[in-house]
Amino acid sequence: MMEVPVLWRLMLLAVLPLINASVDNSTSTPANETSSNETPTSPRPVRSPQNYYSLYSNRLRQPYYRDDSGQDPCFPNPCGSNTQCYVASGRPVCSCLPGYYGDPTNYCQRGECADSNDCPGSRTCRDYRCVDVCAGQCGLNAECYARNHIPVCTCPARYTGDPLVSCRQRDPEELCHPSPCGANTQCKVVNDRPVCTCLPGYFGSPLQGCRHECDSDLDCGPSQACSNFKCTSPCSTGACAPNANCEVRNHRAICSCPPGYFGDPFVSCSAECVVHEDCPYNKPMCSASRCVNPCQGQCGQNADCNVRDRTRAICSCPKDMTGDPFVYCRPFEKRDLCEPNPCGINTKCQPGYDQSGKERPVCSCLPGYVGNALSGCQRGECQSDSECRSDQNCINYECKPVCANQCGVDAICNARNHVAVCTCPPGFSGNALNRCYRDTSSSRNAYSRSRYYY
């Protein structure tokens, strides 16, 4: 629509020579033409290019007419400046030249624009004036934005409708009707925007569509089962008793009572005992809710086990056996009489026999020690005579007088370097080691005094 004035000009320029020739022929009188009714007139003035423009424009719109008297109603031009005249029903009609506007009977002034390119981007050329491009272009309640002389109509935020006709306030729920979401979804309006979510029990992309998490157990892992189209643990649905163990095998719950508990694992599991008194004689101890024998696995091979206070295991080897009762008991051997050593310290143990002939360990002090071999021996006073005085001897690791019980009756004992020297006293004779006798003669006395016994 905005290019019409330009096309008009181009078409007018193209046909201008033809129209000029036609005008000259119609306005001039031929040489051989005579009319008794025609009055002489003055020569017609030469039309200016502007008048030609007006005339030629009219001729394109309307055929050339004359009134009943044969005169051109548009000559002389009854219109104002910058106008054009054409004949309609034998009357002159005035209009402004293309590109002009105003009162054609008086004066037409040049317009602001020939096309929209002559106006700012937010305005358009209408009737040769730059007017608001959005004026009267959009519908009720619509917003208009000018873009390169073109009105762009839109409905404002929270409004909907045809912006060229009318915009109305939008119900937020309309964003979800029709739903922009996929199958098995729900649409909710949040902050004026539709938000898609999968329905309960469905998962996937809400925009493309949601599906069930599972349709059978095969859609779930080995430790899960398909329940209400969801993969869940079979043990989480109360398949077993509250205090029972639950294990998933091949998508199924396997129930069992814990160790030490008894009963139906699908109903209830109860403990075997709570206190020791709940247990029988052969299993007197309550451990981890089970009745157990405290001797079980506590003693070694061939060992005896006795229970005390229901909870303590006492391990021992039988009377005819020996060894470590926590490891192994074996029959007695002769060497076992002294292992472990039943004697005291500083002693030695040797297998022997008692008065009844039974094998028994025999304890004795170590060499150089004295005392009670059963309780313990102490180191002796001496080991040799040199450790005693010269008038003493080392006997049984004790320093004792060398003359003790060494000489005979009525004999005299003198100690010399740990040796007892026995002599009969003067007036006596005999064997000083056995007995000395009183002499009856002086010669014998002299002789007896000269003999010594060691």
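The values are calculated or read from the model by the stated rules, or taken from the named source; none is laboratory data. This is a predicted model, so every value here is computed, not measured. Reconstructed Cβ throughout: ideal geometry from the backbone, glycine too, with neighbour counts over all protein chains shown. For the accessible areas, the whole protein counts, side chains as well, though only heavy atoms, and no ligand, DNA or RNA atoms are used. Shrake-Rupley method; radii C 1.70, N 1.55, O 1.52, S 1.80 Å.
Could you check how much of the accessible area of segment 217-271 is carbon and sulfur, as a whole percent, using a 1.4 Å probe? Walk me through the numbers on the way to the answer.
Details: 1790 of 3400 Å².
Carbon and sulfur: 53 percent of the exposed surface of segment 217-271.
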Can you compute the modelled spin-label distance between TYR281 and SER223, with each label point 7 Å from Cα toward Cβ, in nm?
4.9
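Equivalent ellipsoid semi-axes for segment 118-266, as square roots of 5 times the alpha carbon gyration tensor eigenvalues: give them largest first, rounded to whole Å. Don't jump to the answer; show the numbers that get you there.
Values: eigenvalues 905, 34, 23 Å².
Semi-axes, largest first: 67, 13, 11 Å.
Dividing the alpha-carbon Rg of segment 352-402 by 2.2 N^0.38 Å yields what?
For segment 352-402, the normalised Cα radius of gyration is 1.52.
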Any trypsin sites (Lys or Arg not before Pro) in segment 364-428 that lie in a DSSP loop and have at most 15 other Cβ atoms within 10 Å would be ARG389
In nm, to one decimal, how far is the modelled label at GLU247 from the one at TYR145, with both set 7 Å along Cα→Cβ?
6.9
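Using 0.36 nm per residue of separation minus the Cα-Cα distance, give me the extension gain between VAL195 and THR237 in nm, one decimal. Intermediate values should be presented prior to the final figure.
Details: separation 42, 0.36 × 42 = 15.12 nm, distance 3.28 nm.
Extra length available between VAL195 and THR237 comes to 11.8 nm.
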How much net charge surrounds GLU359 when only other residues with a Cβ under 13 Å from its Cβ are counted (Lys, Arg +1; Asp, Glu -1)?
0
Could you give the distance between the Cα centres of segment 157-201 and segment 360-398, to the whole Å?
118
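Just order 170-178, 262-270 by mean Cβ neighbour count inside 10 Å, highest at the front, would you? Let's see the in-between values first.
Numbers: 170-178: 12.9, 262-270: 14.6.
Going from most to least packed, we get 262-270, 170-178.
Of the trypsin sites (Lys or Arg not before Pro) in segment 296-331, which ones lie in a loop per DSSP and count no more than 13 other C-beta atoms within 10 Å?
Answer in residue order: LYS319.
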Order the peptides 355-364, 368-377 from the highest to the lowest mean number of other Cβ atoms within 10 Å of their residues.
368-377, 355-364
So between ASP171 and ASP410, what do we pick up on full extension, going 0.36 nm a residue minus the alpha carbon distance?
70.7 nm
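For segment 214-348, state the semi-axes of the equivalent ellipsoid (square roots of 5 times the eigenvalues of the alpha-carbon gyration tensor), sorted largest first and rounded to whole angstrom. List each step's numbers first, then the result.
Details: eigenvalues 621, 68, 19 Å².
For segment 214-348, the ellipsoid semi-axes come out as 56, 18, 10 Å.
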Expressed in angstrom, Rg and Dmax over the Cα atoms of segment 83-169 are 18.4, 60
Percentage of Cα-Cα pair distances in segment 251-329 greater than 21 Å, rounded to whole percent?
46
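FRET efficiency for PHE262 and GLU339, Cβ-Cβ distance as r, R0 = 41 Å, nearest 0.05? Working shown, then result.
On the way: r = 48 Å, r/R0 = 1.18.
With a Förster radius of 41 Å, E is 0.25.
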Label-point separation in nm, ARG389 to TYR107, each point 7 Å along Cα→Cβ
17.7
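Once you have a ≥ b ≥ c as the square roots of the Cα gyration tensor eigenvalues for segment 172-211, tell me rounded if a/c is under 1.5, and otherwise prolate or oblate according to whether a/b is larger than b/c.
Prolate shape, in that a/c is at least 1.5 and a/b is the bigger ratio.
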Whole percent per 5 Å bin, from 0 to the bin with the longest distance: what is P(r) over all C-alpha pairs of segment 334-380?
6, 27, 26, 21, 14, 6, 1
